[in-house]
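The values are calculated or read from the model by the stated rules, or taken from the named source; none is laboratory data. What you see is a predicted model, and the numbers here were worked out from it, not measured in a lab. Because the Cβ atoms are built from the backbone with ideal geometry, glycine has one as well, and the counts that use them run over all protein chains shown.
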Amino acid sequence: MKVVKFGGSSLASAGQFSKVGKIIRSDASRRYVVPSAPGKRNAKDTKVTDMLYRCYEMADAEEDFMPLLKKIQERFESIINGLNLRLTLNKEFELIAENFRKKAGADYAASRGEYLNGLIMANYLDFEFIDAAQVIMFCEDGEFDAERTDELLSKRLKSCERAVIPGFYGAMPDGSVKTFSRGGSDITGSIVAKAVRADIYENWTDVSGFLIADPSIIEKPEVIKVITYRELRELSYMGATVLHEDAVFPVRKEGIPINIRNTNAPEEEGTLIVESTCRQPDYTITGIAGKKGFVAVNIEKDMMNSEVGFGRKVLAAFEENGISFEHVPSGIDTLTVFVHQEEFEGKEQQVLAAIHRLAQPDSIDLEANLALIAVVGRGMRSTRGTAGRIFSALAHVDINVKMIDQGSSELNIIIGVQNSDFEAAIQAVYDIFVVTQI
Ligand code: ASP
């Protein structure tokens, strides 16, 4: 049994819908479908979700939102007409306009993209439609209520052979609509897969899987065939985006793999995300990702190493100011704390004062505009010389390494370089592991 989620670009037009229809009909085990709202049809287009947010802003400001709402309706109608469906959304749009006037909230507004696309999809496939507000539940504090949802959803789907459940939203205990964060239909797909104990959760998008590196930096990077949840987590955290970060949690606990597939190239196998695998990756590394915009806070104090509690006091200074740290490499009498520049800038003098007050260091020195790059791979554990290869590749292109951090899991090596060396560093690492493999 498969749960299939389709992203916005897979459902942006009637043409895309019919590709999706073919994919679903070609495999009878694809029984539960989670659609996003219509996305962009081309680079200049606007996502329906963004149109809905804008439209609601106008309603909230008592401006005339009807022309924009009409435009949104036209986008859905062009899909309906293109598919020759006998379905009208007039009543739905009347209700939406009425609820906008009553200020039903931005979450309600945004959720209508998925809701209406779900209605169209159910009609097109002749599947049952299940409103996510009936089965996806949030707690009073706005957190997702996993237990209650699983109970409701698995019960509801037991009696239902084939269904469409719109992504992205659910309901608060008082019945009002609440959405996940942007891109949250991925989470809904995962929740549905867990509820029906699916064999696989297929996540259909517009790329042929997870790429080894960012295609805006590396020309035509290769696709990762199999990746573990932990590797994915490391790469996503460092900026690689394909799947919503929170989408792994529901299925991960159940051991359900996720398969990232391409609606525009369904013959390709895509990327399989699994808990664990014996399959060695094709290369020593599984992927490379990184982020710019870090600051290194270098703290020095003679005899630091023998002072019990020094690290705790330093980190307390960051905690006091609500700043989370990324990495804390240390030397004998030095300790460096890597933080996000954006988060740190406004509070830097308070943090420095707090470090002085709490830890009495000899000196503190700041270095800004740094980038962190994560080289991730389960293959590194059984291979010697990975770090050596990374550093010789970087030395070869004249890049100075500012920081090195290898986690004890041996799953990744983090390197710090200057922002201006970021792209060249990723290229050098990709080249040595994937292109030349020396
Ligand atoms: N439509 C929503 C968004 O644009 C949710 C999603 O597509 O997953 O963020």
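Among the residues of region 365-384, which ones are of a type in the set (S, T, N, Q) and either within 14 Å of R233 (Cα to Cα) or assigned to a strand (DSSP E or B) (or both)?
Going through region 365-384, the residues of a type in the set (S, T, N, Q) turn out to be 369, 382-383.
Correct list: N369 only.
If you go through region 198-216 and keep only what is part of a loop (DSSP other than H, G, I, E, B) and in contact (Cβ under 8 Å) with a residue 60 or more places away in the chain, you end up with A198, D199, D206, S208, G209, F210, I212, A213, D214. Among the residues of region 180-198, is there at least one that is surrounded by fewer than 19 Cβ atoms within 10 Å (Cβ to Cβ), within 15 Å of the ligand (Cβ to nearest atom), at pLDDT 95 or above and under 26 Å from E74 (Cβ atoms)? Scanning region 180-198, I find at least one residue that is surrounded by fewer than 19 Cβ atoms within 10 Å (Cβ to Cβ), within 15 Å of the ligand (Cβ to nearest atom), at pLDDT 95 or above and under 26 Å from E74 (Cβ atoms), so the answer is yes. Among the residues of region 79-89, the one identified as assigned to a loop (DSSP other than H, G, I, E, B) and within 23 Å of R54 (Cβ to Cβ) is L89. In the set (1) in contact with a strand residue (DSSP E or B) (Cβ under 9 Å, 6 or more places away or on another chain); (2) part of a helix (DSSP H, G or I), A395 fails one condition alone, (1).
So, in region 236-252, how many residues would count as being in a helix (DSSP H, G or I) and under 9 Å from the mean Cα position of the chain (by Cα)? Full working, then the answer.
At the first step, the residues of region 236-252 found to be in a helix (DSSP H, G or I) are 236-237, 245-252.
Still in the list and also under 9 Å from the mean Cα position of the chain (by Cα): 236-237, 245-247.
Residues that pass the stated criteria total 5.
Looking at region 26-77, which of its residues are in a loop (DSSP other than H, G, I, E, B), within 13 Å of the ligand (Cβ to nearest atom) and free of Cβ contacts under 8 Å to residues at least 24 places away in the same chain? Give the steps one after another, and end with the answer.
From region 26-77, those in a loop (DSSP other than H, G, I, E, B) are 26-29, 36-47, 61-65; that's our starting set.
Filter again for within 13 Å of the ligand (Cβ to nearest atom), leaving 36-40, 45-47.
Scanning region 26-77 gives a single hit, T46.
On the stretch given as region 166-179, residues that are assigned to a loop (DSSP other than H, G, I, E, B) and either modelled with pLDDT under 95 or more than 13 Å from the ligand (Cβ to nearest atom) (or both) total 5. Taking every residue in region 421-438 that is within 16 Å of K291 (Cβ to Cβ) and pairing it with any residue that is assigned to a helix (DSSP H, G or I) and small (G, A, S), at least 6 positions away or on another chain, the pairs with Cβ-Cβ distances below 6 Å are V429/A393. From the list V401, V435, V429, the one residue that fits, being β-branched (V, I, T) and over 24 Å from V223 (Cα atoms), is V401.
Evaluated against (1) more than 13 Å from the ligand (Cβ to nearest atom); (2) crowded, with 16+ Cβ neighbours inside 10 Å; (3) hydroxyl-bearing (S, T, Y), S154 falls short on exactly one condition, (2). Restricted to region 1-25, and to residues there that are part of a loop (DSSP other than H, G, I, E, B) and under 15 Å from N117 (Cβ atoms), the residue that is farthest from the ligand (Cβ to nearest atom) is S13. Would you check which residues across region 404-432 are crowded, with 18+ Cβ neighbours inside 10 Å, touching a strand residue (DSSP E or B) at 6+ places or on another chain (Cβ under 8 Å) and part of a helix (DSSP H, G or I) and list them? Listed by number, the residues that qualify are D421, F422, A425, I426, V429, Y430.
Restricting attention to region 199-230, and to residues there that are of a type outside the set (D, E) and within 16 Å of the ligand (Cβ to nearest atom), which single residue is surrounded by the most Cβ atoms within 10 Å (Cβ to Cβ)?
Taking region 199-230 as the starting set, the residues that turn out to be of a type outside the set (D, E) are 200-201, 203-205, 207-213, 215-218, 220-221, 223-230.
Right, trim to within 16 Å of the ligand (Cβ to nearest atom) and you get 201, 203-205, 207.
Working: Y201: 30, N203: 28, W204: 28, T205: 23, V207: 20.
Among them, the one singled out is Y201.
Checking the structure you have, find out if any residue of region 366-374 is crowded, with 16+ Cβ neighbours inside 10 Å, over 30 Å from V226 (Cβ atoms) and aliphatic (A, V, I, L, M). Yes, the conditions are met somewhere in region 366-374. Identify, please: which residue in region 127-151 is farther than 17 Å from P250 by Cβ and among the acidic types (D, E) and is, among those, surrounded by the fewest Cβ atoms within 10 Å (Cβ to Cβ)? Going through the qualifying residues, I end up with D141.
Evaluate region 113-128: report whether one residue or more is charged (D, E, K, R) and within 21 Å of E63 (Cα to Cα).
Our first condition is that a residue be charged (D, E, K, R); within region 113-128, this holds for 114, 126, 128.
Of the ones still in play, those that are also within 21 Å of E63 (Cα to Cα) are none.
No, that holds for no residue.
Table: residues versus (1) of a type outside the set (K, R); (2) surrounded by fewer than 15 Cβ atoms within 10 Å (Cβ to Cβ); (3) under 25 Å from the mean Cα position of the chain (by Cα).
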position: V4; (1), (2), (3): yes, no, yes
position: S9; (1), (2), (3): yes, no, yes
position: I23; (1), (2), (3): yes, no, yes
position: K40; (1), (2), (3): no, no, yes
position: E62; (1), (2), (3): yes, yes, no
position: F65; (1), (2), (3): yes, no, no
position: L68; (1), (2), (3): yes, no, no
position: L83; (1), (2), (3): yes, no, no
position: K91; (1), (2), (3): no, yes, no
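Looking at A368, A395, A353, just one residue is of a type in the set (A, V, I, L, M, F, W, C), touching a residue at least 40 places away in the same chain (Cβ under 8 Å) and farther than 25 Å from Q280 by Cβ, and that residue is A368.
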